Amino acid sequence: MANTDSRVTIHMAASLDGFIARKDGSVDWLETSDEFAGGATLEPGFVEEFLKTIDCYVMGSRTYETALSFEAKGFGWAYGDKPTFFLTSRELPRTRDTVELYAGDLAQLVKERLRLTFRSIWFVGGSVASAECLRLGLADEVRYSILPILIGDGIPFFENLDKDIALHLAEVKAYKSGMVELRYEVRR
């Protein structure tokens, strides 16, 4: 039986033109130099407290590889000690005990395992994984952080989304960095 209190959130940062990475998977454009005087500041204490509310992360294999490359460059592991599930059928290194490879049915993973164990489940990357989560009706909300840059081409936020998904705008927040965060509830 699924935990009725659990929430599945899809979150990604993207360029204004809707790309989460360049075609080669690079995200060098994530650091922008814009400044919006009327925006909120992301205080480290707030970010730290917010991250404590997330119980587990789910991501596609390319997002996992990006996270590993950030760690190798000395930026650390962004997901702390939270359970992290990455969706792949490829052999990839498992660098910590909190990371688990998953190659099975996504609906079964979310409904029969994650929702039973965790309240706050975050899909944090992978256009294919995010689209599949929406297609299967697994997501409760979409959080879309739009960065103030156009990159022209790349990997779209949702790849091969083959049907309309109705959303309800629940929150909009602008930050001093020029980033805008949109939070949508998925309509059922």
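The values are calculated or read from the model by the stated rules, or taken from the named source; none is laboratory data. Because the structure is predicted, anything quoted here is derived from the model rather than measured. Cβ sites come from the backbone with ideal geometry, for glycine too, and all protein chains shown count toward neighbours. The protein model used for the area step is the full one, side chains on, heavy atoms only, and it has no ligands, DNA or RNA in it. Shrake-Rupley method; radii C 1.70, N 1.55, O 1.52, S 1.80 Å.
Going 7 Å from the Cα of Leu92 in the Cα-to-Cβ direction, what parts of region 24-42 have a backbone nitrogen less than 14 Å from that spot?
The answer is 25-26.
Search the structure for amide H atoms under 5 Å from the amide H of Thr84, placed 1.01 Å from N in the peptide plane, and list their residues when 5 or more places away or on another chain.
It is Tyr57, Val99, Glu100, by chain and number.
Please identify the GluC sites (Glu not before Pro) of region 15-79 that satisfy two criteria: DSSP loop assignment and at most 16 other Cβ atoms within 10 Å. Which are they?
Passing sites in region 15-79 are Glu31, Glu35.
Averaged per residue, what accessible area in Å² does region 34-87 show with a 1.4 Å probe, protein chains only?
For region 34-87, the solvent-accessible area averages 58 Å² per residue.
Within region 93-136, list the trypsin sites (Lys or Arg not before Pro) lying in a DSSP loop whose Cβ has at most 16 other Cβ atoms in a 10 Å radius. Present the calculation step by step, with values, prior to reporting the outcome.
Details: sites: Arg94, Arg96, Lys111, Arg113, Arg115, Arg119, Arg135; in loops: Arg94, Arg96, Arg119.
Passing both the DSSP loop test and the Cβ count: Arg94, Arg96, Arg119.
Taking the Cα centre as origin and putting +1 on Lys and Arg beta-carbons and -1 on Asp and Glu beta-carbons, what dipole magnitude results for the chain, to the nearest 20 debye?
420
What is the list of residues in region 145-187 whose amide nitrogen lies under 16 Å from a point 7 angstrom out from the Cα of Asp34, following Cα to Cβ?
The answer is 145-153, 172-183, whose backbone nitrogens lie closer than 16 Å to the label point.
Within region 57-120, report the chymotrypsin sites (Phe, Trp or Tyr not before Pro) that DSSP leaves as loop and that have at most 13 other Cβ atoms within 10 Å.
Listed in order of number, the matching sites are Phe75.
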